[in-house]
Amino acid sequence: MSADPLLLVREDLRDFAGYRSARTDKVDGRVWLNANEAAWPNGADAGGAARRYPQPQPDRLRKALAALYGCAPGQLLAGRGSDEPIDLLIRALCRPGGDAIVVTPPTFGMYAVCARLHGTPVVEAPLVETANGFTCDFNAVEQASRDAGARIVFLCSPGNPSGATLPLPAVAALARALEGKALVVVDEAYQEYAEGPSATSLLGAQRNVVVLRTLSKAHALAAARIGSVIADPVLIEVLQRCQAPYPLPQPSVDLACRALAPDVLAETARRVATTCAERTRLAQALRCVRGVRRVYPSSANFLLVRFENPGAVYAALLAAGIVVRDMRQALGLADALRISLGTREQNDAVLETLAQLEAAA
């Protein structure tokens, strides 16, 4: 059994009790007068359900998410998208102005944003570009973590914006090498679009592995803001004590539970398959467009593309009413755009716009 992850938590927070809300104690009653809630519903809330504070971690949602991700409910904490778990992890493990995090740019920007807002140093171990796309230099990540005394390593798989997946044996080896020194957090926001097992399969052997998941992408619930952090139960308890008292709005919980019903999950799986087919089709078509330097392999619901004139491409797409992500400010991507996969018609509109731009050149 690997080292207790509690030893990585800030010493001043290991026995931190957090805030005990009116919903902390699970009790039943007929007349609820313990939370200073309004006695009458708002006129816009016909059913009156919104006047009551929600459960911090509703059992039905937690169980449904745990079943979806193949873990025990005690290994999962639901939060506001993936952003809140990222922030919770940094706050719980990193002393402000002290313990660092390691990131692998180009990558999701919120790791560094949350760290800097917390006064936590950010150390970079950049991805390496190869003939097969971007890869992670795990030796460099390990060394950077050791040199900086980092408490958290953030890995993104499939990567945003790289689209590349990370080999689980290498992730497991990194976690073993950093055991007792750092958490290895694998952000799997796009895992539904990828082949192969989740990093949750590593949790049994390595207690310093943490996995982030979300309903925002494949499940089409970005506005509901439902994400999950999956980790050792000891660490989950710490994170929950650091979490806001009522993090999950009841309408979002209700919507998420409906979305996790078997028939809806089956439809989600069909749409993921359609998206993956469109990913292949669009990538092949883009590689035939003059002015496209490179289309990266992707295991996510987007394509990272390098252009000879990315500014002109971005402007032409915008003029056609098509908004893509400008990646030119990201490390090593001065000529790149990220194109999310839409419907077949939307993807065709991208190709048509590029064809018109090519014809006018």
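The values are calculated or read from the model by the stated rules, or taken from the named source; none is laboratory data. Only a predicted model underlies this, so the values are computations on that prediction, with no experimental measurement involved. When we count neighbours, we look across all protein chains shown, and the Cβ atoms used for this are built from the backbone with ideal geometry, even at glycine.
From the list Arg213, Arg207, pick out the single residue that is of a type in the set (Lys, Arg) and out of contact with any Gly (no Cβ under 7 Å at 6 or more places or on another chain). I'd like the intermediate steps shown before the answer.
Details: Arg213 fails: out of contact with any Gly (no Cβ under 7 Å at 6 or more places or on another chain).
Answer to the selection: Arg207.
Just to verify a result, which residue in region 190-211, among those that are within 16 Å of Ala78 (Cβ to Cβ) and touching a Cys at 6+ places or on another chain (Cβ under 9 Å), is surrounded by the most Cβ atoms within 10 Å (Cβ to Cβ)?
First, the residues of region 190-211 that are within 16 Å of Ala78 (Cβ to Cβ): 200, 210-211.
Retained after the next criterion (residues that are touching a Cys at 6+ places or on another chain (Cβ under 9 Å)): 200, 211.
Details: Thr200: 21, Val211: 26.
Here the answer is Val211.
For region 125-166, which positions are surrounded by fewer than 20 Cβ atoms within 10 Å (Cβ to Cβ) and under 12 Å from Cys94 (Cβ atoms)?
Scanning region 125-166 gives Ala148, Gly149.
What number of residues within region 175-199 are on the phi < 0 side of the Ramachandran plot and either modelled with pLDDT under 95 or small (Gly, Ala, Ser) (or both)? Outline the logic, then answer.
Step one: of region 175-199, the residues on the phi < 0 side of the Ramachandran plot are 175-179, 181-195, 197-199.
Filter again for either modelled with pLDDT under 95 or small (Gly, Ala, Ser) (or both), leaving 175, 177, 182, 189, 194-195, 198-199.
Residues that pass the stated criteria total 8.
Exactly one of (1) assigned to a helix (DSSP H, G or I); (2) more than 16 Å from the chain's Cα centre (by Cα); (3) closer than 26 Å to Val264 by Cβ is unmet by Ala92. Its number?
(3)
Picking from Pro106, Pro96, which residue would you name as being touching a Ser or Thr at 6+ places or on another chain (Cβ under 9 Å), assigned by TED's automatic domain parsing to the domain that holds Thr165 and touching a residue at least 60 places away in the same chain (Cβ under 8 Å)? Let's see the steps before the verdict.
On the way: Pro96 fails: touching a residue at least 60 places away in the same chain (Cβ under 8 Å).
One residue alone meets the criteria, Pro106.
Regarding region 11-25, can at least one residue be identified that is more than 21 Å from Pro233 (Cβ to Cβ), in the same structural domain as Lys181 (by TED's automatic domain parsing), in contact (Cβ under 8 Å) with a residue 24 or more places away in the chain and of a type in the set (Phe, Trp, Tyr)?
Looking for residues that are more than 21 Å from Pro233 (Cβ to Cβ), in the same structural domain as Lys181 (by TED's automatic domain parsing), in contact (Cβ under 8 Å) with a residue 24 or more places away in the chain and of a type in the set (Phe, Trp, Tyr), one finds none in region 11-25, hence no.
Out of Cys156, Cys242, I need the residue that is under 14 Å from the mean Cα position of the chain (by Cα), assigned by TED's automatic domain parsing to the domain that holds Arg80 and either in contact (Cβ under 8 Å) with a residue 60 or more places away in the chain or on the phi < 0 side of the Ramachandran plot (or both). Which one? Break it down stepwise before answering.
On the way: Cys242 fails: under 14 Å from the mean Cα position of the chain (by Cα).
The match here is Cys156.
Look through region 3-38, keep the residues that are in contact with a helix residue (DSSP H, G or I) (Cβ under 7 Å, 6 or more places away or on another chain) and among the charged types (D, E, K, R), and return whichever of them is farthest from Ile90 (Cα to Cα). So that I can check it myself, show each step before the final result.
From region 3-38, those in contact with a helix residue (DSSP H, G or I) (Cβ under 7 Å, 6 or more places away or on another chain) are 4-6, 8-10, 13-14, 16-18, 37-38; that's our starting set.
Still in the running and among the charged types (D, E, K, R): 4, 10, 14, 37.
Working: Asp4: 18, Arg10: 10, Arg14: 14, Glu37: 33 Å.
Looking at the filtered set, the residue picked out is Glu37.
Phe134: assigned to a loop (DSSP other than H, G, I, E, B), in contact (Cβ under 8 Å) with a residue 24 or more places away in the chain and not assigned by TED's automatic domain parsing to the domain that holds Leu303, yes or no? Walk me through how you get there before you give the answer.
Values: assigned to a loop (DSSP other than H, G, I, E, B): no; in contact (Cβ under 8 Å) with a residue 24 or more places away in the chain: yes; not assigned by TED's automatic domain parsing to the domain that holds Leu303: yes.
The answer is no for Phe134.
Kindly indicate which of Val305, Val313, Val272 is closer than 27 Å to Ala66 by Cβ and among the hydrophobic types (A, V, I, L, M, F, W, C).
When all the criteria are applied, what remains is Val272.
If I ask for residues that are surrounded by 18 or more Cβ atoms within 10 Å (Cβ to Cβ) and either assigned to a loop (DSSP other than H, G, I, E, B) or touching a Leu at 6+ places or on another chain (Cβ under 7 Å) (or both), which ones from region 248-277 would you list?
Within region 248-277, Leu248, Val253, Ala256, Ala259, Leu260, Thr275 meet the criteria.
Name the single residue that is surrounded by the most Cβ atoms within 10 Å (Cβ to Cβ) among those in region 79-124 being over 23 Å from Pro247 (Cα atoms) and polar (S, T, N, Q). Step through it out loud before you land on a result.
Filtering region 79-124 down to residues over 23 Å from Pro247 (Cα atoms) leaves 95-107, 119-124.
Subset that is polar (S, T, N, Q): 104, 107, 120.
Details: Thr104: 28, Thr107: 24, Thr120: 23.
Per the criteria, the residue is Thr104.
Can you find, within region 5-34, the residue that is modelled with the highest pLDDT among those that are surrounded by 13 or more Cβ atoms within 10 Å (Cβ to Cβ) and of a type in the set (Gly, Ala, Ser)?
Among those that are surrounded by 13 or more Cβ atoms within 10 Å (Cβ to Cβ) and of a type in the set (Gly, Ala, Ser), it is Gly18.
Taking only region 281-319 into account, find how many residues are more than 27 Å from the chain's Cα centre (by Cα) and basic (Lys, Arg).
Adding up the residues that qualify gives 3.
For every residue, the table says whether it meets (1) within 28 Å of Val103 (Cα to Cα); (2) out of contact with any His (no Cβ under 9 Å at 6 or more places or on another chain); (3) surrounded by fewer than 13 Cβ atoms within 10 Å (Cβ to Cβ).
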{"residue": "Leu317", "(1), (2), (3)": "no, yes, no"}
{"residue": "Ala320", "(1), (2), (3)": "no, yes, no"}
{"residue": "Arg325", "(1), (2), (3)": "yes, yes, no"}
{"residue": "Gln329", "(1), (2), (3)": "yes, yes, yes"}
{"residue": "Leu337", "(1), (2), (3)": "yes, yes, no"}
{"residue": "Thr343", "(1), (2), (3)": "no, yes, yes"}
{"residue": "Thr353", "(1), (2), (3)": "no, yes, no"}
{"residue": "Leu357", "(1), (2), (3)": "no, yes, no"}
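Is there a residue in region 193-206 that is in the same structural domain as Val9 (by TED's automatic domain parsing), among the charged types (D, E, K, R), under 25 Å from Asp83 (Cβ atoms) and within 20 Å of the chain's Cα centre (by Cα)?
Initially, region 193-206 is screened for residues in the same structural domain as Val9 (by TED's automatic domain parsing), giving 193-206.
Filter once more, so that each one left must be among the charged types (D, E, K, R): 195.
Adding the requirement that they be under 25 Å from Asp83 (Cβ atoms) leaves none.
No; the residues of region 193-206 include none that is in the same structural domain as Val9 (by TED's automatic domain parsing), among the charged types (D, E, K, R), under 25 Å from Asp83 (Cβ atoms) and within 20 Å of the chain's Cα centre (by Cα).
Select, from Val113, Val123, the only residue that is at pLDDT 95 or above and either closer than 24 Å to Arg14 by Cβ or part of a strand (DSSP E or B) (or both).
So the residue among Val113, Val123 that is at pLDDT 95 or above and either closer than 24 Å to Arg14 by Cβ or part of a strand (DSSP E or B) (or both) is Val123.
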